[in-house]
Number of protein chains: 2
Amino acid sequence: MRNFVARKLSNGAALQDSDHARLDELMRHWKAIPAKSDIISQGDDPEYVHAILDGISCRYKILPDGRRSIMDLLIPGDFCDMNIAILGRMDHSIGTLTPCRVAYISRSEIEELLFDFPRIARAMWWATLVDEAILREWLVNMGQRRSDRQMAHLLCELYLRYAAIGWPDEFALALTQEQLADTLGITVVHAQRVIAALRQDGLIALRDRQITIPDIARLMEFSEFNPDYLHLPPES
Amino acid sequence: MRNFVARKLSNGAALQDSDHARLDELMRHWKAIPAKSDIISQGDDPEYVHAILDGISCRYKILPDGRRSIMDLLIPGDFCDMNIAILGRMDHSIGTLTPCRVAYISRSEIEELLFDFPRIARAMWWATLVDEAILREWLVNMGQRRSDRQMAHLLCELYLRYAAIGWPDEFALALTQEQLADTLGITVVHAQRVIAALRQDGLIALRDRQITIPDIARLMEFSEFNPDYLHLPPES
DNA sequence: CGCTACGTTGAGTCCAGTCAAACGGCGTGG
DNA sequence: CCACGCCGTTTGACTGGACTCAACGTAGCG
C-alpha cells in the first residue's frame, strides 16, 4: 500500500530516502473507523495526531438548530490535528464520511519528527499553509459563486487533490448528496437539482452512485477554477 | 503608542519583558499607507513581513467578473504574511480598507526572532492557528446563517478581537457598506437593508458613520455567537 | 418482507439579487 | 463662493435562486 502522506508532503518539499523511511515507519499504527463516526470531537484535547490513510473524513461543526456545517474535506494523506497541542481544545469535530483507515502518532513522535527531519518539518508547514489557502478559496466559492459553479469548483479541487497524491484509480467521489450539501451550505434538495443539472450538461457523470468527471478541462472552465491556491509543483 | 502586536501575542503565550522589548524594537520601522491600496499583491513574493499597527486591511481576491471577495479582516496587531516564504507566491492580495500604519520586518529578522525567542515563536504559532479557526468560523457563518445574523456575527467577532488587543477606545467600526458586503458575500444594497434592520432593532447604532454596539450580549445572542473559536484566555 | 437511507420530483414561498433612481456630504476647480 | 462630480448611502419595484414542505422511488439489508 502506498504512503499517501509521503506523496502529499513531497509536493511541499523534496523528500529523501531517509524521510520516506521514517514516514513509512510512523504510518504502521492505524485503525479502521466506520463511516459517520467521530475521530476527534469538539472540546477534546487529543493525545495522538491522526492522518487519513484511506477514505474521506471532514472537519465540521453542529449549529444550535442541528444543522451541520462541513468546513474541510480530508482525503488520504491529510493530517487531522497536527497543531492542536498549541491551541489546547478542539473548536470543531473531525468525523468520517466514508469508512476510513486512520494512522495515529503520539505527540512525542511528532515532535521528534519535526526536530530530526527538517525537510519533513518544512513540508508539514507547507501543508498547513495550503490548508489555509483552501479555506480561503472555499470562502470565495461560497460567497461569490452560484451553487452549480460551487459544486463544480469543489469537484475540480478534489480531482486535483487526488491527482496530487498519485491516487491510482480514476477519480470517483463516493459522498452522499447530503454530505455535499453540508459542505457547500445548501440543502439536500437543492444539491440534488444542481447535480442533476451538471449531469444533464455532461459536466459530470454518475457511475455506481459515484461522481466522475468526463472532462476536467470543461469543468474547470465552467467553475472558473484557478489551481494556484493549491500551490502544487508545476505539473510534470 | 501601545504595541498591539505584543498585546495580541500575549493572548497566545505568557510573554516576558525581554520578549516585549524585542517586539517593540521590531515595530520601529513602519510606513503609512492610504486607504484602498495594496500592501502586497497577488503573485508577489514579498521580501518583508508586514504587521498592521493602525487601521484595517484585508485579504481579498478579485474574480474574473470583477467582484471582490474579502476573506479576512486584519486589525492592529495582525500579521499579513508571516509564512509566505514557504509557499512562495501569494495566491491573494492584501490591501488597506482604511488608512493604515504598517510595520515591515525583514525575513532574516523574523527568522532570528523565531529562533531566539521561543515564547514569541509559540505565540506566532498560536496566532496562525487562530487565523485558521477564524476562517473556518467564517465558512460556517456564510454557509449556514441568514445575512442579518451573518452581519451580527462578524461585528461580534470584531468587537472581541479589538477587546483582545486592549483597544483603548470604544468599539466603532469605520468600514463602508460595500466593504462589509464584499466580506459577507452579499450585495451593497442588501448590506444596507440588513444594517438598517439591525439598527431598527437597536442591535447596532451609528455614530459618525461608524457602527457601534450598544449591547454586545444581545448581539451575541442574536447571532448565536460562540467565542470559543477565538481561543482567547478566560477573561480576567 | 418491511425498514431505513438515499435519491428524485413538484409546488409554493422567501431571501437576496438586480436594476434604477435619488439623496447627502465632501473635495475640487472654475 | 458656488457648481459640479464623486462616493457612499438610501429607497423602490421587480426578478430569481435557493429553501421548505411534501410525496414518491429505489436499493440494500436485517
Original post:
In the range B:191-227, how many are touching a Gly at 6+ places or on another chain (Cβ under 9 Å) and basic (Lys, Arg)?
Top reply: 1
**OP:** Answer yes or no as to whether B:Arg218 is basic (Lys, Arg), within 9 Å of DNA strand D (Cβ to nearest atom) and modelled with pLDDT of 95 or more.
**Re:** no
Original post:
Quick one: A:Leu160 ticks every box in (1) in contact with a Phe, Trp or Tyr (Cβ under 9 Å, 6 or more places away or on another chain); (2) of a type outside the set (D, E, K, R); (3) over 25 Å from A:Gly143 (Cα atoms) bar one, so which box is it?
Top reply: (3)
Subject >> Residue satisfying condition, being modelled with pLDDT under 95 and basic (Lys, Arg), within set A:Arg146, A:Arg161, A:Arg209 >> reply: A:Arg209
**OP:** Look at B:Ala181 and say whether it is within 13 Å of chain A (Cβ to nearest Cβ), touching a residue at least 40 places away in the same chain (Cβ under 8 Å), within 15 Å of DNA strand C (Cβ to nearest atom) and closer than 22 Å to B:Ile56 by Cα.
**Re:** no
Original post:
Mind checking which pairs have a first residue in the range A:96-124 that is within 14 Å of chain B (Cβ to nearest Cβ) and at negative phi and a second that is part of a helix (DSSP H, G or I) and among the charged types (D, E, K, R), Cβ under 6 Å, 6 or more apart or different chains?
Top reply: A:Arg119/A:Asp19; A:Ile120/A:Asp19
Original post:
Got a sec? Which of A:Ser57, A:Ser93 is within 14 Å of chain B (Cβ to nearest Cβ) and among the small types (Gly, Ala, Ser)?
Top reply: A:Ser93
Original post:
Is it fair to say B:Asp24 is of a type outside the set (A, V, I, L, M) and more than 26 Å from B:Glu178 (Cα to Cα)?
Top reply: yes
Original post:
When residues of the range B:126-158 are filtered for being surrounded by fewer than 20 Cβ atoms within 10 Å (Cβ to Cβ), touching a residue at least 40 places away in the same chain (Cβ under 8 Å) and more than 17 Å from B:Leu74 (Cβ to Cβ), how many remain?
Top reply: 3
**OP:** Mind checking which strands (runs of 3 or more DSSP E) fall wholly inside the range B:36-101 and carry at least 3 residues that are touching a helix residue (DSSP H, G or I) at 6+ places or on another chain (Cβ under 9 Å)?
**Re:** B:48-54, B:57-62, B:68-74
**OP:** With respect to B:Asp65, determine if the residue is within 16 Å of DNA strand C (Cβ to nearest atom), closer than 30 Å to A:Met142 by Cα and either modelled with pLDDT under 95 or assigned by TED's automatic domain parsing to the domain that holds B:Tyr162 (or both).
**Re:** yes
**OP:** Determine whether the range B:200-207 contains at least one residue that is surrounded by fewer than 19 Cβ atoms within 10 Å (Cβ to Cβ) and away from DNA strand C (no atom under 16 Å from the Cβ).
**Re:** yes
**OP:** Give the residues of the range B:1-30 that are aliphatic (A, V, I, L, M) and part of a loop (DSSP other than H, G, I, E, B), sorted by residue number.
**Re:** B:Met1, B:Ala13, B:Ala14, B:Leu15, B:Met27
Subject >> Residue count, the range B:184-224 (criterion: hydroxyl-bearing (Ser, Thr, Tyr) and away from chain A (no Cβ under 14 Å)) >> reply: 1
Original post:
How many residues does the range A:141-186 hold that are within 16 Å of DNA strand D (Cβ to nearest atom) and of a type in the set (Asp, Glu)?
Top reply: 3
Original post:
Restricting attention to the range B:73-93, which residues are touching a residue at least 24 places away in the same chain (Cβ under 8 Å) and closer than 18 Å to B:Gly43 by Cβ?
Top reply: B:Cys80, B:Asp81, B:Asn83, B:Ile84, B:Gly88, B:Arg89, B:Met90, B:Asp91, B:His92, B:Ser93
Original post:
Does A:Cys80 fit the bill of being under 23 Å from A:Leu184 (Cβ atoms), away from chain B (no Cβ under 14 Å) and in contact with a Pro (Cβ under 9 Å, 6 or more places away or on another chain)?
Top reply: no
Original post:
Looking only at the range A:166-186, which residues are surrounded by fewer than 21 Cβ atoms within 10 Å (Cβ to Cβ), closer than 16 Å to A:Thr96 by Cβ and of a type in the set (D, E, K, R)?
Top reply: A:Glu178
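The values are calculated or read from the model by the stated rules, or taken from the named source; none is laboratory data. Since we're looking at a predicted model, the values are computed, not measured. In this analysis, Cβ positions are derived from the backbone assuming ideal geometry, glycine residues included, and neighbour counts consider all displayed protein chains.
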